[in-house]
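First the structure, in the form of structure tokens, and then the observations on it.
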Amino acid sequence: MKKHYLFYLFLAFAFLLTSCGLGEKSYPEQVFDKVAVAANKVPNGFKVHFREIRGQLKAGSLVIVTPENEVKKVNATEYVTNHYVTMFEKDMQAIREMKTDDETKPIFAATLDLFQYIDNIYKTDMLRIAKMIDDGQPDENIDAAIEELEASKSKLIDERFNKVYDLIMPYADKHGVDYKIMDTPNFSK
């Protein structure tokens, strides 16, 4: 029972802060949220994506949520198109809508460069491999295509990601943005 009171007290306090304008994020916090949160969606290798897609497809559980909030079973091509491509398009649009100044202009430019590069990969390479899966091509061919994608694009993605990281982190530090860096396991192997 005590937990419920603390929970409701917390909700009331959060509502009060937000309604009074005290809980609003500063511009640097908004910039960090848009850039860093979006950049965290950048894949650390494509193998894990295709492992998940293939596994869910095999189990019959590869689904998307439609704009009407309906759960729909899909094939690999539909999944990549509706899940990844639209995700990066929304992130790019949100960044384009942010107001810029001299300090944030290079951060946003680097972030958009990263996302446009990733978006192109998802619209071409990822869709090509997803179609291979849907067409029932042999696993060896699909694995070779994934390996080729990793070999040809991962370094360029890392360079772009590091450029964004090298711009956003000093910006956050300079403006006192509170953040935490967590090590995450590399599942791409």
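A short reminder: the numbers here are calculations on the coordinates, not readings from a lab. Quick caveat: nothing in here was measured; it's all calculated off a predicted structure. Reconstructed Cβ throughout: ideal geometry from the backbone, glycine too, with neighbour counts over all protein chains shown.
Taking a ≥ b ≥ c as the square roots of the Cα gyration tensor eigenvalues, with a/c under 1.5 meaning rounded and otherwise prolate when a/b beats b/c, else oblate, which class fits region 101-189? Prolate shape, in that a/c is at least 1.5 and a/b is the bigger ratio. Spatial offset of region 50-98 relative to region 147-177 amounts to 23 Å, using the alpha carbon center of each. In terms of the mean number of neighbouring beta-carbon atoms within 10 Å, the peptides 104-112, 87-95, 59-67, 154-162 order highest first as 104-112, 87-95, 154-162, 59-67.
Within region 33-131, the proportion of Cα pairs with more than 21 Å between them is 40 percent. The gain in end-to-end length when the residue 150 to residue 56 segment is fully stretched comes to 31.7 nm, 0.36 nm per residue minus the alpha carbon separation. The residues packed around residue 157, meaning those with a beta-carbon under 13 Å from its beta-carbon, carry a net charge of -1 if Lys and Arg are +1 and Asp and Glu are -1. All other residues with a Cβ under 12 Å from the Cβ of residue 137 taken together, and with Lys, Arg as +1 and Asp, Glu as -1, what is their net charge? Cβ neighbours under 12 Å give a net charge of -2. FRET efficiency for residue 137 and residue 158, Cβ-Cβ distance as r, R0 = 25 Å, nearest 0.05? Computed FRET efficiency for residue 137 and residue 158 comes out at 0.30.
Extension gain, residue 180 to residue 37: 0.36 nm times the residue separation minus the Cα-Cα distance gives 50.3 nm.
Taking a sphere under 13 Å around the Cβ of residue 64 and counting the other residues whose Cβ falls inside, with K and R at +1 and D and E at -1, yields a net charge of -1. At full extension, residue 105 and residue 89 could sit 3.8 nm farther apart than now, given 0.36 nm per residue minus the alpha carbon distance.
Our coupling estimate for region 81-95, obtained by passing each phi through the Karplus curve with A = 6.51, B = -1.76, C = 1.60 and θ = phi - 60°, is 4, 7, 9, 7, 4, 5, 4, 5, 5, 5, 5, 5, 5, 4, 5 Hz, Gly and Pro reported as x.
Mean separation of Cα pairs under 8 Å and 6 or more residues apart, divided by the residue count, gives region 21-136 a relative contact order of 29 percent.
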